[in-house]
Amino acid sequence: MLIKSDQPVEKAVRSRAAAMVALEGVSVRYRLPIERVPTFKEFAIRWFQRRLSYRDLWALREVSFEVEPGEILGVVGPNGAGKSTLLKVIARVLHPSQGRVVTRGSIAPILELGGGFHPELTGRENVYLFGSLLGRTRSEMDAGFEEVVDFAELWDFIDAPLRTYSSGMQARLAFAVATAEFADVILVDEVLAVGDLRFQEKCLHRMNGYSDQGATILFVSHNPGTIERMCERALWLSNGTVKDLGSSDRVINAYTSALA
Amino acid sequence: MRDIALMYDSARRQSPFVEEFRSLLRYSELIRQLILRSIKTRYKRSILGIAWTMINPLLTMAVLTLVFSRLFQFPTRTYALHVLSGLLIWNFFAQTSLAAMGEMMWSGSLLGRIYVPKTAFAVGALGTGLVNLVLAVIPYLVISLLLGVIPPATLLLLPVPVLFTGLFTLGVGLALSSMVLYFQDIQPTYEILLAAWFYLTPVIYPVGLLPAGLAALLKWNPMFHYVELFRSTVLTGSLPGLASLTAQGLFGLAVFVLGWWIFTRRARDYAYQI
Ligand SMILES: Nc1ncnc2c1ncn2[C@@H]1O[C@H](COP(=O)(O)OP(=O)(O)OP(=O)(O)O)[C@@H](O)[C@H]1O
Ligand SMILES: [Mg+2]
C-alpha cells in the first residue's frame, strides 16, 4: 500500500491519478516556543537578545497512503496520535511541512464542530453564516435550507438565538449544515459522539447514503465497532506514523489487542 | 456530470498574493454574510440599533462644537460641519482597521478547522465600515441643510475619497491582522496609537490654526490628506489639484498592495497558530 519514499513524488502521484486523496511522505510540524511569548514587546526583546527558541513537535511523520473513489477509510489511534492533524492537512487547513497532499473533487470537512456560529444570531442566520464559511453560495443555501432544519429537527428553535441552544442541539445544526450537500471527499472527525444515539444513527445513515452515491470518506472514530461496521479498510496512526493499513477487521483487531 | 477534476495539490507552486484573490472571489457570499453578521449583532445588542451609527457622531459633534467653536473662534455652523465630516471619515478608518483585527481573532478557532480565504475577514470589516459610513453620511447631509449650508457639487465625487481611504484602511487592517494571531498586545497597542493619531489629524481642529512648521510636519500623515480630501468633497468644495489627487490614490493603492502582500505571505501558517 505504501509508496516507497525514494520514488519521485511527481511520478508516484501521476501514476495513480484515480485516487481521490493521495498523501506522499507528509509530515506536519508544530513549532512550540519553549517559553510562551505572548506579546510583541517580549518577542522583540528576545529576538534582539537572540533568545528565541522553539521545540519542534512532529504531529505527522512521513505519512503516505491513498484513498480510492467511493472508499470509506477508518482512522484509529490513541489520543495525540495525529488523527485530527491528518484530516486537517487533507482539508487544506494545514499546509504540510514536508511532502505532498493531492485531493480531487469537493471536500466537506466535518471536524470538531462548534466554531463558526455566533451566539447572538438566530439558528436560521447561523445556518447561512456557517454555510458561507464552508464556501457555499446563497442559492445553494436557499435550496438546502429546509432539508438542513428537517435533518437537525430544530424547526421549533430555528428563530431563537443560538446561545439558547444546548450543545447537542448546536452540534446537530452544525452537522446538518456541514453534510447538507454531497461532497466527493468527506472528512469526519469524531463528531458523532455529541448527538444522542438516535441522531448518531441518522448521521451514519447519511454517511452511508453519500457513500452509495460515490463519496469517498475518511472517518476518525474511537469506537472500533463503528469502524468495523462502516469501513472496509482502516488506518492505524501511532505517534504520527502509519502503524498499519489494511482490511478493517485485521487492523481493528491488532489495534484493540495492542490496547489490552 | 459533476466536475471532480477540481484539484488541490499542496505542492503546486502558486503566488499566495494572486491565489488569495481567486479564492476570495469564490467566497463572495462569505463576505456578504460577515457584513450582515456585524450589522445584525450590533443592531441586536442595543435598543437604538442602526440609529446609533448615525447618532454617535452627532453627539460628539454637538459636544465638541459647544466646547471648541468659541476656543478656535470659528463660526459655530462651519465648525460643527468641519468636525462632523472629519469624524465620519476618521471613524471609518479607525473602526474598520480595528474591526479587521477583531474579525481575525474571532475567526481564530475556526481557521484551525476549516479552510477559508483569510483576507475575507478584513474585507468583510471594510464592507461593514462602508455600510456604516453611508448610513452616517445621510444625517450629515440633513444637518448640513438644516444649518443652511448647501453641500457643494463636488459631493458627486464622494466615492473618490472613500475609495482612496478604503484602500489605505484595508492595507493597514491586513498588515495588523497578520500579527494579531501571534501577539496579544497588538490590538491594545494599536488602540493607544490610534488615540494619538487622532490628534495628529485635523479632525476636530482646523489646519489653519496650526503654526506653519507643524502643519508642514503633519503633511507626512496620510490620514491628514484623506480627511481633508473627504471634507473638501462634502463641505468646502475645494478639491486638491490633479497631481495631488493622483498621488493620494496611488499611495492608497500602494498601502493596500503592501498590506495584501504582508498578509498573504504568511497566510498558510496562521492555522498553525491556533
Ligand atoms: N495547534 C497545535 N499546536 C501545537 N501542537 C498541536 C496542535 N494541535 C495538535 N498538536 C499536537 O499534535 C499531536 C497530534 O494531535 P491531534 O489532534 O492530531 O491528535 P488526535 O489523534 O486527533 O488525538 P485525539 O484522539 O485526542 O483527538 C498532539 O501531540 C498534539 O499535542
Ligand atoms: Mg482529534
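So how do B:Arg265, A:Arg100, A:Arg29 rank on accessible area, 1.4 Å probe, biggest first, that is with the largest at the start?
Result of the area sort, largest leading: B:Arg265, A:Arg29, A:Arg100.
Under a model in which nothing but the beta-carbon of Lys, Arg (+1) and Asp, Glu (-1) is charged, the protein assembly as shown shows a dipole of about 1580 debye around its Cα centre.
For A:Glu71, the amide hydrogen comes within under 5 Å of the amide hydrogens of A:Ile217, counting only partners 5 or more places away or on other chains and with H modelled in the peptide plane. Taking amide H as placed 1.01 Å from N in the peptide plane, A:Ser221 has its amide H under 5 Å from the amide H of A:Val75, each at least 5 places away in sequence or on another chain.
Rounded to the nearest 20, the size of the Cβ-charge dipole of chain A about its Cα centre is 1500 debye, with Lys and Arg at +1 and Asp and Glu at -1. Per-residue extension of 0.36 nm, minus the Cα-Cα distance of B:Asp269 and B:Arg70, leaves a gain of 66.2 nm for this segment. To the nearest 10 degrees, how steep is helix B:186-199 against the longest Cα principal axis of chain B, on a 0 to 90 scale? With rounding to tens, the tilt is 20 degrees.
The contact between chain B and chain A removes approximately 4000 Å² from the accessible area (both sides summed; 1.4 Å probe; ligands, DNA and RNA excluded). Close amide-amide hydrogen proximity is noted between A:Ser238 and A:Lys243, each under 5 Å apart and 5 or more residues distant or on a separate chain (H modeled in the peptide plane; Pro and chain starts excluded).
Roughly how many debye, to the nearest 20, is the charge dipole of chain B about its Cα centre, given +1 on each Lys and Arg Cβ, -1 on each Asp and Glu Cβ, and no other charges?
For chain B, the charge dipole is close to 420 debye.
Any idea what % of Cα-Cα pairs in the protein assembly as shown are farther than 43 Å? Counting every Cα pair in the protein assembly as shown, those more than 43 Å apart make up 30 percent. Per residue, the accessible area of the protein assembly as shown comes to 47 Å² when a 1.4 Å probe rolls over the protein heavy atoms.
Here the stretch B:14-272 is treated as a Stokes sphere of Kirkwood radius computed over C-alpha pairs; at 4 °C and 1.567 mPa s its diffusion coefficient rounds to 67 µm²/s. Helix B:159-180 and the longest principal axis of the C-alpha atoms of chain B enclose an angle of approximately 50°. Using the Stokes-Einstein relation with a Kirkwood hydrodynamic radius computed over Cα pairs, the translational diffusion coefficient of the stretch A:152-260 at 20 °C and a viscosity of 1.002 mPa s comes to 138 µm²/s. Number of Lys-Lys pairs in the protein assembly as shown with C-alpha atoms under 22 Å apart and a separation of 8 or more places or on different chains: 6. Prolate is the label for the stretch B:39-187, because a/c, from the alpha-carbon gyration tensor with a ≥ b ≥ c as root eigenvalues, is 1.5 or above and a/b exceeds b/c.
First check a/c for chain A, with a ≥ b ≥ c the square roots of the eigenvalues of its C-alpha gyration tensor; if it is under 1.5, answer rounded, and if not, answer prolate when a/b is larger than b/c or oblate otherwise.
Verdict is oblate for chain A.
Accessible area per residue was computed with a 1.4 Å probe on protein heavy atoms; B:Val67 scores about 90 Å². With each label modelled as a point 7 angstrom along the Cα→C-beta vector, the B:Ala51-A:Glu201 pair spans 5.4 nm. Taking θ as phi - 60° and the Karplus parameters 6.51, -1.76 and 1.60, the scalar couplings of the stretch B:16-26 work out to x, 4, 7, 4, 5, 4, 5, 4, 4, 4, 5 Hz in sequence order, x denoting glycine and proline. Taking θ as phi - 60° and the Karplus parameters 6.51, -1.76 and 1.60, the scalar couplings of the stretch B:104-114 work out to 5, 5, 4, 6, x, 4, 6, 4, x, 10, 10 Hz in sequence order, x denoting glycine and proline.
A Förster radius of 22 Å, combined with the Cβ-Cβ distance separating B:Val142 from B:Thr236, puts the computed FRET efficiency at roughly 0.70. Accessible area of B:Arg12 (1.4 Å probe, protein heavy atoms only, ligands and nucleic acids ignored): about 110 Å².
The values are calculated or read from the model by the stated rules, or taken from the named source; none is laboratory data. Predicted, not measured: the structure shown is a model, and the values here were computed from it. Neighbour counts are summed over all protein chains in view; Cβ atoms, including those assigned to glycine, are modelled from backbone coordinates with ideal geometry. Side chains are part of the model used for accessible areas, which takes the heavy atoms of the whole protein and leaves out ligands, DNA and RNA. Shrake-Rupley method; radii C 1.70, N 1.55, O 1.52, S 1.80 Å.
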